[in-house]
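Everything below concerns the one structure shown next.
Laboratory data are not the source of any read-out in this text; all were calculated from the coordinates shown. Please read all numbers here as calculations on a predicted model, not as lab measurements. Note: ideal-geometry Cβ built from the backbone for every residue, glycine included; neighbour counts use all protein chains shown.
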Amino acid sequence: MNAYVERVIKETAAKNPNEPEFLQTVTEVLTTLAPVIDKHPEYEEAALLERIVEPERTIIFRVTWQDDEGKAHVNTGYRIEFNGAIGPYKGGLRFDPEVNLSVLKFLGFEQIFKNSLTTLPIGGGKGGSDFDPHGRSDAEIMRFCQAFMTELQRHIGPNTDVPAGDKGVGGREIGYMFGQYRRIRNSYDNGVLTGKGLTYGGSLIRPEATGFGVLYYANEVMKHEHDSFEGKTFVLSGYGNVTWGAITKITEFGGKVVTISGKHGYVYDPDGINTPEKIAYLLKLRASKERNVKMYADEFGCQFFPGEKPWGVKADVYIPCATQNEIGIEEAKKIVANGAKYYFEGANMPASNEAVAYFQKNGVIVGPAKAANAGGVAVSALEMSQNSMRYSWSREEVDAKLKDIMKNIHDNSVAAAERYGLGYDLVAGANIAGFEKVAEAMLAQGLF
Ligand code: 2IT
């Protein structure tokens, strides 16, 4: 292990004692970068790693809003502008009670490398709030979004920082936030947010992009392995946007999805969650006040396992699409024992570093989040391009670009790993390929 890498990991741990998720991702990324750092002594001289683990700017603010009974509530809002070396800060907003500085710093740090890997000019950022959308009415969601944007608007802009959706933030929330931004700024800056509706500057395929992208990336892996999706069984977690897009594409590719999950438990549907009716039901579930996946089990008469995760269910391909740290070493052992061949991350950091290492040691091919789920942010960057051109590409055009980007992400990851003699290691390859561009841009721009 490189001594400089080791020192920066230690210093980051000492400096951020209450940020376990952030430290987890810093350790994972920097460890795989060791061979690159070995070759570039000038990075240490320029304190490049110390700088890359420190957000350029962290904004924390109060969000006060009123519920339907007139009661006042206070949440904390955040925006981490992590790294702007290769473009405006770009990354989603997450509304989830588990949101805190550690979670958003891990997501923002990941986003730097993911965004670089797309080959598009976008820096890394992330934000959100500890607001819990479960059980909230549409009017409450609107008031929260407006309150959140009332402060956030002074920090963002089409050339500064361009938020989008993430867990708990979809098209509806982006609409309310865009409305509030426009009201306060009196400016039609539609490039300030991505994931917008199609009537006001959104891109075709953006809602599907993360899920589609996972499968386009997985398809490149299949080609490399001389394998195909036809007849394969898939276990997925989550029920939101990513899960929905992934299931749509898996269905088209001839695979069968047998599970979805949420915070209340998981659903097992041995007939496959693959009919248009079942896939459309996921959208209803997400738009409902309850957001409980048990609703799916009741609707289609299948089994619901309260409080459990789906990793014990046998499948060929596992795609976590819910949230961070759903898979520890025990879950990883179950997945390997089930005979899994492939594991693709639709969610960000769904597994512990130990679990990922266990997969790789046991011959499961790992498609890491910052490669496999980069299709969402890639189409966000295409949305920014369309907004600045004041023009829209057709569905076919966006889809073709997305496919091409996912293929390049795979191929660039493979090439980067091979350059350092690491073989077909998609995890190290993604980190290295993403890092190289950001590092060179930071060096070129001098100390700051
Ligand atoms: O994790 C992610 O890449 C996202 N939530 C998407 C961010 C974006 O700017 O589209």
Restricting to lysines and to Cα separations under 16 Å from Lys309, and discarding same-chain partners fewer than 8 apart, the set is Lys263, Lys294, Lys333, Lys334
Mind pulling up the Rg/Rh value for segment 36-121? Radius of gyration and Kirkwood radius, both on Cα.
1.12
What percentages, rounded to whole numbers, describe P(r) for segment 149-192 computed over all alpha carbon pairs with 5 Å bin width beginning at zero?
5, 22, 36, 26, 9, 1
Size descriptor, Kirkwood hydrodynamic radius, that averages inverse alpha-carbon separations across segment 59-171, Å:
14.2
Cross-link partners among lysines for Lys407, C-alpha distance below 19 Å, same-chain residues fewer than 8 apart left out?
Lys114, Lys223, Lys249, Lys370, Lys437
Using alpha-carbon positions, the gyration tensor of segment 274-329 gives root eigenvalues a ≥ b ≥ c; with a/c under 1.5 called rounded, otherwise prolate if a/b exceeds b/c, else oblate, the class is prolate
Take the alpha carbon atoms of segment 99-117, find their center, do the same for segment 21-85, and report the distance between the two centers in whole angstrom.
6
Would you grab the residues whose amide H sits under 5 Å from the one on Gly77? Only those 5+ places off in sequence or on another chain, please, with H modelled 1.01 Å from N.
Phe61, Arg62, Val63
To the nearest 20 Debye, how big is the dipole of segment 349-408 about its Cα centre, given +1 on the beta carbon of each Lys and Arg and -1 on that of each Asp and Glu?
80
Calculated FRET efficiency, Lys361 and Asn186, Cβ-Cβ r, R0 41 Å, to nearest 0.05?
0.10
Summing -39500 (n - 2.57) over the DSSP H runs of n ≥ 4 in the chain and dividing by its residue number, what mean residue ellipticity at 222 nm do you reach, to the nearest 500 deg cm²/dmol?
-15500 deg cm²/dmol
Is any helix in the chain, taking whole DSSP H runs, at least 27 angstrom long along its axis by alpha carbon and on average at least 0.0 on the Kyte-Doolittle scale, and which ones?
20-39, 426-444
Using a simple charge model, +1 on the beta-carbon of Lys and Arg, -1 on the beta-carbon of Asp and Glu, nothing else, what dipole does the chain show about its Cα centre, in debye to the nearest 20?
820
Using the count of nearby Cβ atoms within 10 Å as a rough guide to exposure, how do Cys302, Cys145 rank from fewest to most?
Cys302, Cys145
Between segment 184-242 and segment 315-338, how far is it from one alpha carbon centroid to the other, in angstrom?
21
Output wanted: per-residue J couplings in Hz (rounded whole) for segment 257-264, from phi through Karplus 6.51 cos²θ - 1.76 cosθ + 1.60, θ = phi - 60°, x for Gly and Pro.
9, 10, 9, 9, 8, x, 5, 8
Take every Cα-Cα pair in segment 369-436 and report what % of them are more than 15 Å apart.
56
Least to most buried among Arg206, Arg286 (fewest other Cβ within 10 Å first):
Arg286, Arg206
Under the 0.36 nm per residue contour assumption, what length would be gained going from the current alpha-carbon distance of Glu354 and Glu11 to full extension?
121.4 nm
Roughly speaking, what is the stretch gain from His134 to Ala287, that is 0.36 nm per residue apart minus the C-alpha to C-alpha distance, in nm to one decimal?
54.0 nm
For a label point 7 Å along the Cα-to-beta-carbon line of Phe448, residues of segment 71-93 with backbone N under 16 Å:
81-89
Amide N of segment 151-182 lying under 16 Å from the label point, which is placed 7 angstrom from the Cα of Thr199 along Cα→Cβ:
171-180
Any chance you could tell me what percent of the C-alpha pair distances in the chain go past 37 Å?
20
Report the full-extension gain for the segment Asp38 to Ala72: residue separation times 0.36 nm, less the Cα-Cα distance, to one decimal in nm.
6.8 nm
Between Ala46 and Glu308, what is the label-point separation in nm under the 7 Å Cα-to-beta-carbon projection?
5.3
Over the chain, what is the relative contact order in percent, taking alpha-carbon pairs closer than 8 angstrom and at least six residues apart?
16
